[in-house]
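The values are calculated or read from the model by the stated rules, or taken from the named source; none is laboratory data. Model, not experiment: these values are computed from the prediction. Here the Cβ positions follow ideal geometry from the backbone for every residue, glycine too, while neighbour counts run over all protein chains shown. Ligands, DNA and RNA are stripped out before the accessible areas are found, and what is left, the full protein with its side chains, is counted by its heavy atoms. Shrake-Rupley method; radii C 1.70, N 1.55, O 1.52, S 1.80 Å.
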Amino acid sequence: MTATLPPKLQAMVDELAGIDDLEEKYLVLIDMGSEVPDIPADRKTPACLIQGCQSVVHAYTTLEGGKLRLHGYADAKIVNGMLALLVLGLDGLTPREFLAVDPRFIEKTGVIQTLTPSRVNGFYNIHERLKAEALIALAQGDAHAD
Amino acid sequence: MPYDIDKIRHDFPILSRQVHGKGLVYLDNGATTQKPRAVIESLVDFYENHNANIHRGAHGLGSEATAAYEQARGRVDRFLGGNNGNEVVFTRNTTEAVNLLAQAWGREHLKAGDEIALPISEHHANLVPWYMVAKEKGAKLVMLPLDADGRVDLGRAAELIGPRTKVLAFAWVSNVLGGINPAKELLALGRAQGALTFVDAAQAAPHFPLALTDLGCDAAAFSAHKMLGPTGVGVLWAKESLLAAMPPWQGGGSMISRVTPELVTWNRLPWKFEAGTPNIADVVAFGAALQYLKDLGWEAIAEHEAKLTAYGLARLAEVPGLKLYGPTEPGRRVAVFSFKLDGVDPTDAGALLDAQGIEVRVGHHCCQPLMDSLGVPGLIRASAYLYNTEAELDALAEGLKKVTRTLAQPRARA
């Protein structure tokens, strides 16, 4: 597992990891989610829908000046909080930097141990989608460089 | 004898544990119930003192194990109001019992154009097995709508159950809505058309003795684990004439009388339907569960649960933004409460209640057609049982209020 995380994500993970009480941990996670901007209605399409999530989750990336911008929104607040770790914690990295982050950082937060496997998979499915788009961005960037 | 709830709770070791540092409030009994010490000790006693395979060994242990297993069958039979153990077949669970019936009976009797009538509220366990055999035989499912109370609409059922209806199958008690369906009236509609009648009693059996011979169905099924018994044991009850006419479903040891490469003949009932080594220890422990329920007294259990039902309805009505589904009159339902909270995703509610030590179920409850008909993706379900208390329903109501407050007003973080 990657030893160091990008500073913003590291701070979020540390904050969650430092809370023992599960209820308090969920509340902080929900608050993190409340900082995620909603996405435009025209992005709430099947193309951006994450498959395999119990609740409705949309996520996608854009590329700005070689940096990956992450966007997403989940109807369920706890899932939205997990989404926040990705779209706030990893926003603005290069595709290569994004791909270097091991998504198993979620285990350190202590929020997934109590969730059902389907919701834990939901988190990884969101990451998989972002990763796939990062790989495309990386390939296109490399092709451009060639 | 008064219903001593403290003493009863003391019989269930798990109820004294904590979850996430909070006292456990277990309200997911519709999914599975907790086990009293008598059931746990029965399992241990079987493995420590009586374990052997049954119906075959010419030795003392085998005889003891066989006697214990068949004694459990007798207890089930008496619970069902029967006097004929040949009508009690042990399966893995209710689901397997429905599959057994749908396959063994349906493959022989269903043909293209036949109809299988089921309420829209059916659990997938009493829908998918019928769907599978219907697909195979060219038959179709006819869904019976519900009335405003969330129980089967008898008027509409009378219109939809007709000469093409070859099977009428329904849950006596809905696992979501908690409503007690008008079983006798529905069965009369099915019988009048000569249909096979099947009652899914998985959510009924925990709450009242089934008296199936009096009810007037051809077959019924339920699971041990929803009524204090172990997981891995279900019961298919069917009239002896029906079981005798049905071919076996699974083949193997124990279910045969004579085997040659050219011809196999079947064992007599009920063993014709119990291929292979059964779940012996768990069946024996289920017998202990039935004895525990009998000792508590079904009337006393019903009285306690009726109080919980009325109390739960009143407390949940106080939660802002809560919409309850199913009958509002206590006499028409059991203490299974399904609801939604305005603007709250059920999965969030489930997680936040869990963090308070309150265990409920969220989701579609294996009833997707019902969720579609209600226009909801899922619901929150709190299901109480004989060991739950009014104080626990208070905790649920207060917990839900806290959930709505939390999700309505995100706090600013430091």
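For the stretch B:146-188, what are the residues that are within 25 Å of residue B:380 (Cα to Cα), of a type outside the set (S, T, N, Q) and touching a residue at least 60 places away in the same chain (Cβ under 8 Å)?
B:146, B:149, B:150, B:151, B:173, B:176, B:177, B:178, B:179, B:180
Take residue B:374 and decide whether it is touching a residue at least 60 places away in the same chain (Cβ under 8 Å) and away from chain A (no Cβ under 11 Å).
So residue B:374 does not fit the description; no.
Within the stretch A:12-24, is there a residue that is more than 14 Å from chain B (Cβ to nearest Cβ) and not in a loop (DSSP other than H, G, I, E, B)?
So far as the stretch A:12-24 goes, yes, one or more of its residues are more than 14 Å from chain B (Cβ to nearest Cβ) and not in a loop (DSSP other than H, G, I, E, B).
Hey, residue A:42 hits all of (1) more than 14 Å from chain B (Cβ to nearest Cβ); (2) open to solvent by less than 10 Å² (accessible area, probe 1.4 Å); (3) of a type outside the set (Ser, Thr, Tyr) but one; which does it fall short on?
(2)
Does any residue of the stretch B:300-317 turn out to be farther than 21 Å from residue B:92 by Cα and part of a strand (DSSP E or B)?
No, there is no match, as no residue in the stretch B:300-317 is farther than 21 Å from residue B:92 by Cα and part of a strand (DSSP E or B).
Return the total of residues in the stretch B:142-168 being closer than 21 Å to residue B:333 by Cα and either touching a Cys at 6+ places or on another chain (Cβ under 8 Å) or not in a strand (DSSP E or B) (or both).
Total satisfying the criteria: 11.
Which ranges mark the strands (runs of 3 or more DSSP E) fully within the stretch B:190-286 that have 2 or more residues being aliphatic (A, V, I, L, M) and open to solvent by less than 30 Å² (accessible area, probe 1.4 Å)?
Fully inside the stretch B:190-286 and qualifying: B:196-200, B:219-223, B:234-238.
Run residue B:334 past the list (1) closer than 27 Å to residue A:112 by Cβ; (2) away from chain A (no Cβ under 14 Å); (3) of a type in the set (Val, Ile, Thr) and report the number of the one that doesn't hold.
(1) is the only condition that residue B:334 fails.
Does the stretch B:96-125 hold any residues that are within 19 Å of residue B:193 (Cβ to Cβ) and in a helix (DSSP H, G or I), and which are they?
Those that are within 19 Å of residue B:193 (Cβ to Cβ) and in a helix (DSSP H, G or I): B:101, B:102, B:105, B:106, B:108, B:109.
Any idea how many residues of the stretch A:1-33 are open to solvent by 30 Å² or more (accessible area, probe 1.4 Å) and either out of contact with any helix residue (DSSP H, G or I) (no Cβ under 8 Å at 6 or more places or on another chain) or acidic (Asp, Glu) (or both)?
Summing the residues that are open to solvent by 30 Å² or more (accessible area, probe 1.4 Å) and either out of contact with any helix residue (DSSP H, G or I) (no Cβ under 8 Å at 6 or more places or on another chain) or acidic (Asp, Glu) (or both) in the stretch A:1-33 gives 11.
For the stretch B:16-60, which residues satisfy the criterion of being open to solvent by 50 Å² or more (accessible area, probe 1.4 Å) and of a type in the set (Lys, Arg)?
B:17, B:22, B:37, B:56
Restricting attention to the stretch B:300-345, which residues are out of contact with any helix residue (DSSP H, G or I) (no Cβ under 8 Å at 6 or more places or on another chain) and either assigned by TED's automatic domain parsing to the domain that holds residue B:205 or open to solvent by less than 50 Å² (accessible area, probe 1.4 Å) (or both)?
B:300, B:302, B:305, B:326, B:327, B:336, B:338
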